1. What area, in nm² and to one decimal, does the C-alpha convex hull of region 138-334 cast on average over all directions?
2. Which value does Rg/Rh take for region 5-97 over its C-alpha atoms, Rh per Kirkwood?
3. Please give the peptides 23-30, 328-335, 55-62 ranked by average Cβ packing (other Cβ atoms within 10 Å per residue), highest first, as a rough proxy for protection.
4. Which ordering of 299, 82 is given by a fewest-first count of other beta-carbon atoms within 10 Å?
5. Taking the Cα atoms of region 216-257, report the difference between the largest and smallest coordinate on each principal axis, in whole Å and largest first.
6. Work out, in µm²/s and without decimals, the Stokes-Einstein translational diffusion coefficient of region 208-285 at 20 °C, 1.002 mPa s, Rh from Kirkwood over C-alpha pairs.
């Protein structure tokens, strides 16, 4: 019901013409529930016009000439001013209550903008990130890994060793990961045993070199980080951490802003991250392929099911596999952080 119920009892006579070729006839006009009711003199309803759609064809002139819309040729003449005023009042009120097309377009525009914004915030970064991970060349990964390593040294200490000692680590890397293109670095500070970075870079805590008689425990951490890097791509981790700005920077210029890399390195080294879970059977297969015993690595872990599985399932008898490196190289590595 229209709220303008006071107009519902107004009645007036008018001249109705159903179509361009029809005869004009006298009718009775009433205002109904948002409609203009046109009836015969006997009270039989002839038609209803939607009041919001009613159009006045001759504003300011009498008798007022109305049409039910823009087409059809149907017209209605009314010369009673009270009825004319009532029709105009009710029409205006009903039009104000209808949603405006302009507002609808604005609302639709805001909805579309919100959808695009949501897409750009939630979906687009993932799409871009996954794409760039498949196309970024290894040289770029190594460059980014080197920049992360530079910043990591602000938190985990400097890289230990001279060229001779680093060459010994490089030989160990090629022995363990013959298909890899990265490097092993040992830092002078505490780094939570081991971490991996873009470009195959693996950093190790100095305790792995200084606290063991042989290289097996250190080698185990190299293998586990290589396996973790397969599960948690360090470049993906970097892009997730630096957000859409980092992703767009890498995509458009091949670089990530230094301040974003610095912030990432700080967060990476702020606390020991929870280890990326690797199934025991996968680890044992990795140790077997590399001909490295898993027990020395397992003994560096907190006691638990994972450590027990690696000890019980050790595929290489301790000391029974091929020598990992020359004794002279291991001595160099053991003293790599001496004095630092």
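1. Quarter of the Cα hull surface area: 10.6 nm².
2. That ratio equals 0.92.
3. On the way: 23-30: 15.6, 328-335: 17.8, 55-62: 11.0.
The peptides rank, most packed first, as 328-335, 23-30, 55-62.
4. 82, 299
5. Principal-axis extents of region 216-257 (Cα, largest first): 42, 15, 12 Å.
6. Translational D for this selection: 145 µm²/s.
None of the figures in this text is laboratory data; all of them are computed from the coordinates on show. It should be emphasised that the depicted structure is a prediction, and the values quoted were computed from it without experimental measurement. Quick reminder, even Gly has a Cβ in these numbers, built from the backbone with ideal geometry, and neighbours come from all protein chains shown.
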